[in-house]
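So the structure is just underneath, and the comments pick up after that.
The values are calculated or read from the model by the stated rules, or taken from the named source; none is laboratory data. In this text the structure is predicted, and so the values were computed from the model without any measurement. Using ideal geometry, Cβ is built from the backbone for each residue, glycine included, and neighbour counts are taken over all protein chains shown. Protein only, heavy atoms only, side chains kept; ligands, DNA and RNA dropped before computing areas. Shrake-Rupley method; radii C 1.70, N 1.55, O 1.52, S 1.80 Å.
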Amino acid sequence: MTTPTREFYGLLQQAYDFFNQRLFEGELPAALITAQREKRTMGYFSPDRWASSDGQRAHEIALNPAYFAKHKVIEIFQTLVHEQCHLWQFEFGRHKSRRGYHNREWAAKMQSVGLMPSHTGHKGGRSTGQRMSDYPIPDGVFLQACDELDRTGFRFAWVDRHAALGDSCQVRDTTLTTAGCLDSPLSTLIPDLVPATSLQMVACAKQKVRYNCKGCHANLWGKPGLNVICGSCNLPLSSEGDSHEQQDTH
């Protein structure tokens with residue numbers, strides 16, 4: 001008998017298995033996928049987080065359902081594969097990243113599966129660093145795999161109606177167009193969302209936001225409404241919201 005739990009987590013497991021076969025040649029071990037509402041993060045990888053009564057261990061890949069409705073379907077797949085690359089590096093990498101860092105080996109693996117790491121989420125961004133985003137490589141194997149999965153009729157059946165308040169916790173290049181439902185936010189596929197209350201909006205306003213220099217792409221975080229100038233470029237920093245993503249930090 002199908003239940004919401006089996007359906008929700010079953011689809012995440014289906015996506016994990018599909019990308020494991022298409023992008024990692026099936027070499028990734030099974031991970032325990034969880035839904036975690038960590039603030040300002042789409043997902044994270046936590047190695048050896050779980051243990052069984054018979055002595056087995058399992059890595060955790062956590063995804064944040066509060067942001068599902070705010071992002072395109074393909075971005076949820078990007079987050080999953082991003083974390084699978086962390087898992088691959090932990091299992092098979094020769095130059096493992098220090099905690100929370102994304103090094104060259106991880107970046108090379110990302111590119112091999114069709115995702116370009118970028119600290120800005122756009123072309124020209126640094127490919128390594130503490131907080132990293134990514135965008136699909138045009139005509140790359142990731143996009144090909146996503147199109148194949150979409151053609152199977154894969155659809156997320158359940159969405160958290162109390163969506164995160166911020167427009168995005170992850171800056172990514174959203175100009176890419178894809179086939180099927182991949183290019184649509186889940187909010188357009190399942191529109192029954194609960195609007196933010198006034199109390200929630202006040203709480204959201206107190207959160208730190210990200211300021212970015214358009215010249216050197218330097219970032220800083222601070223309270224909303226700051227008037228900040230980059231000391232290197234002498235350019236005003238624009239507020240783009242907080243895009244801090246936790247990766248491999250738990």
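Things worth noting here:
- Residue ID - least open to solvent (accessible area, probe 1.4 Å), chosen from residues in the stretch 90-109 that are of a type in the set (D, E, K, R) and free of Cβ contacts under 8 Å to residues at least 24 places away in the same chain: GLU105
- Residues that are in contact with a Phe, Trp or Tyr (Cβ under 8 Å, 6 or more places away or on another chain) and of a type in the set (A, V, I, L, M, F, W, C) number at least 3 in the following strands (runs of 3 or more DSSP E) confined to the stretch 49-155: 57-63.
- Residue check, GLN56 free of Cβ contacts under 8 Å to residues at least 12 places away in the same chain and closer than 17 Å to ASP150 by Cα: no
- The condition (being open to solvent by less than 30 Å² (accessible area, probe 1.4 Å), out of contact with any His (no Cβ under 9 Å at 6 or more places or on another chain) and under 21 Å from LEU149 (Cβ atoms)) is satisfied by just one residue among LEU63, LEU87: LEU63.
- A count restricted to the stretch 9-44 and to residues that are at pLDDT 95 or above and not aliphatic (A, V, I, L, M) stands at 17.
- Pick from the stretch 112-124, criterion open to solvent by 20 Å² or more (accessible area, probe 1.4 Å) and in contact with a Ser or Thr (Cβ under 8 Å, 6 or more places away or on another chain), ranking: modelled with the highest pLDDT: MET116
- Residues in the stretch 1-34 that are in a helix (DSSP H, G or I), open to solvent by less than 60 Å² (accessible area, probe 1.4 Å) and either touching a residue at least 40 places away in the same chain (Cβ under 8 Å) or not small (Gly, Ala, Ser) (or both): PHE8, LEU11, LEU12, ALA15, TYR16, PHE18, PHE19, ASN20, LEU23, PHE24.
- Pairs, first under 26 Å from HIS102 (Cβ atoms) and open to solvent by less than 40 Å² (accessible area, probe 1.4 Å) in the stretch 223-250, second modelled with pLDDT under 80 and among the acidic types (Asp, Glu), C-beta under 9 Å, six or more apart: GLY241/ASP167
- Filter result (without any contact (Cβ under 8 Å) to a residue 60 or more places away in the chain and within 16 Å of the chain's Cα centre (by Cα)) within the stretch 110-127: MET110, GLN111, LEU115, MET116, PRO117, SER118, HIS122, SER127
- Selected residue (criterion: nearest to THR79 (Cα to Cα)) from residues of the stretch 100-121 that are of a type in the set (Ser, Thr, Tyr) and in contact with a strand residue (DSSP E or B) (Cβ under 8 Å, 6 or more places away or on another chain): SER118
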